[in-house]
Amino acid sequence: MESPPCVSIFLVLCVFIQSSTHGQSLGLEPVGRSRAVETKEALQETKTRFLLFEDETDKGCQIRLNHPDTLQRCGFNSSLPLVMIIHGWSVDRFLENWIWQMVAALKSGLAQPVNVGLADWLSLAYRHYTVAVRNARLVGQEVAALIQWLEESAQFSRSNVHLIGYSLGAHVSGFAGSYIGGKQKIGRITALDAAGPLFEGSSPSDRLSPDDANFVDAIHTFTREHMGLSVGIKQPIAHYDFYPNGGYFQPGCHLLELYKHITKHGLNAIGQTFKCSHERSVHLFIDSLLHASQPSTAYQCGDMASFSQGLCLGCKRGRCNTLGYHIRQQRQGKSKRLFLATRAQSPFRVYHYQLKIQFINHLEKPVEPTFTMTFHGTKEENQKITITLDEEITSNKTYSFLITLDVDIGELTMIKFKWENGAVWTNVWNTVQTIIPWSRRPLHSGLVVKTIKVKAGETQQRMTFCSENMDGLQLHPTQEKTFVRCDVNSKKLKRKIR
C-alpha cells in the first residue's frame, strides 16, 4: 500500500519550521568535524548524562566523568562489553518509550550479559533541528571522552563498546568514533534509521561512515523523499546497510492504521503514527533480541525492484546476513546493501521464496490473469496468496517473483495453483467454449504452466514442481491445479511437458 505523503511531509516540515523560526537556513551551517575539539583533559563535566542500568526495570544510575566512585556505585563491570544507546532529536524533551524497551531487551534477552548504558543528551537535543545537529558533534565528543576515561580508570577496551544510535543519535555515534582518536577503533556502531536532513549526500567525514568503528551496520526504514528531504538517510553509511521493505516506508504505518494505534497508544497515537516508519528501525532491532531464535535474513541486492522479483535470495560469498544484534560481523570491501521483507508487527520475520513459473499462452490474445497459490509444507499449510503479474502473458516466457510467508511451513511439498475467476475472462472463456468443437480431440487452449521452480531464501533449498496430472496441462479460468515435487531431469517427464 502506498504511504501517504503527508506523513513524511509533516516530519520534514518540522525541520524547515524549526530552522526558519530560528532564523537559519538548512544549507548554511557546516556539519563537519573540522572545528577544534576539547581534549579529554579539558572536559571535566559533560552536558550529556550517562546512565547505567543494572536490570530491565532500573531507571538508570548516573556515571560521571572523572568520578570513579560512580562506576562502582552503578555496577559497571569492566570485564563485560558496554552497549550504549544514543537517542535522537527531541521535540518534547522526554525520553521515548522505546528506550526502556531496548534496555529491557538487552538486559534480559542476551546469553552473554553486557553493561547497558544510555547517553541522555535531551538538554542538547531539545533544540531547533539545525542547533541539535551542531550539538551532535559536542555529544559525540563527550561520548568519546567517556570511553577514553573508562579505558584509563577501569582498564576497559574500546573494542568492547557497541554504540546504538537512533536517528540523529546515529551520527552522534559516528562523531564519537571519529573523535576518540588513536590506532584502535570502537568495536561496533549500529545506526537505526540515521537522520537524513543535513546529512544526505555529505562526505563520510561529516556523518556516520564505516570508518568510525571496527564494524558498522545500519537499518534504513523511512527514506521516502518529499520536498527534497527524507527523514532517514538513503545512502549507504555502513559495512552492511539493511533496507527492510525497500527502506522507503513500513507496513502497518499508513494513516489508515491510526485506529489500531489509538487502541495501543491512546492519546499518543497520532505522534506514533507519524513516526511509525522512522521508529520501526528500533523495533526491528529490539525484535532481533527478543526473537533471537527466529532471525530475519536479508539479502544483498542492487535495488528493491530486483529483490521483488526474487532475484537476490543467494547466500554464497557472504551475500546474506542477519538483521539486528546478532549480525555476522564481516568486513568485505565496500558497503553492502541488503533487502528483506517484514511483517507489520513483531515478530517481524518472514520466509522468502523465489518462484519461477514458465507459462505457455495458447490463447489468441495476451492475458493478464490473477492467480492464487496455496503452499503445503511438512509443518503446515499456508493461506492463499494472490499473485498479479506486472505484465501480460503473451507467449512462452518464464516469470520470476518474490513470495513471503509469515509462518514456517517446513519443507515445501505441494503447491495449489488457481487461475482466479474474473468477470471479463469468464465471458471470454464461455464464448470460446461455445465456438470450439470440444467433442473432437483435445486442443491446445488456455495457459500451460510447465513447471514451478522454487528457491527458499532461509534454507537455500531449490525445488521444482510439476503438475500432478500430466495428461491435462492446460489451465483455464476458475480452474485449480496441484503441483508436486518432480525431477525435471527425468526423460519421461521431459516428454510429457513438451
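Here are some notes:
- Of all the listed residues (Leu338, Leu290), the sole one being in contact (Cβ under 8 Å) with a residue 40 or more places away in the chain, of a type in the set (A, V, I, L, M), within 23 Å of Gly187 (Cβ to Cβ) and buried (at least 20 other Cβ atoms within 10 Å of the Cβ) is Leu338.
- Residue count, the stretch 211-223 (criterion: touching a strand residue (DSSP E or B) at 6+ places or on another chain (Cβ under 9 Å) and surrounded by fewer than 19 Cβ atoms within 10 Å (Cβ to Cβ)): 1
- Across the stretch 107-159, the number of residues qualifying as in a loop (DSSP other than H, G, I, E, B), farther than 15 Å from Thr48 by Cα and of a type outside the set (Gly, Ala, Ser) comes to 7.
- Check on Leu124, buried (at least 17 other Cβ atoms within 10 Å of the Cβ) and at pLDDT 95 or above: yes
- Being open to solvent by less than 20 Å² (accessible area, probe 1.4 Å), over 24 Å from the mean Cα position of the chain (by Cα) and either assigned by the TED database to the domain that holds Trp419 or more than 30 Å from Ser159 (Cβ to Cβ) (or both) is a property that Thr374 has.
- Every residue from the stretch 330-350 that is of a type outside the set (Gly, Ala, Ser) and at pLDDT below 95: Gln330, Arg331, Gln332, Lys334, Gln345
- Matching option when the condition is buried (at least 22 other Cβ atoms within 10 Å of the Cβ) and of a type in the set (Gly, Ala, Ser), among Ala191, Ala154, Ala104: Ala191
- Residue count for the stretch 377-416, restricted to those that are open to solvent by 80 Å² or more (accessible area, probe 1.4 Å) and of a type in the set (S, T, N, Q): 5
- Of all residues in the stretch 385-403, those that are within 12 Å of Ser308 (Cβ to Cβ) have Cβ atoms under 7 Å from Cβ atoms of residues that are open to solvent by 80 Å² or more (accessible area, probe 1.4 Å) and assigned to a strand (DSSP E or B), 6 or more apart or on another chain, in Ser400/Lys356.
The values are calculated or read from the model by the stated rules, or taken from the named source; none is laboratory data. Remember, predicted model here, so these are calculated numbers, not experimental data. As a convention, Cβ positions derive from the backbone with ideal geometry for all residues, glycine included, and neighbour counts pool all protein chains shown. With ligands, DNA and RNA removed, areas are computed over all heavy atoms of the protein, side chains included. Shrake-Rupley method; radii C 1.70, N 1.55, O 1.52, S 1.80 Å.
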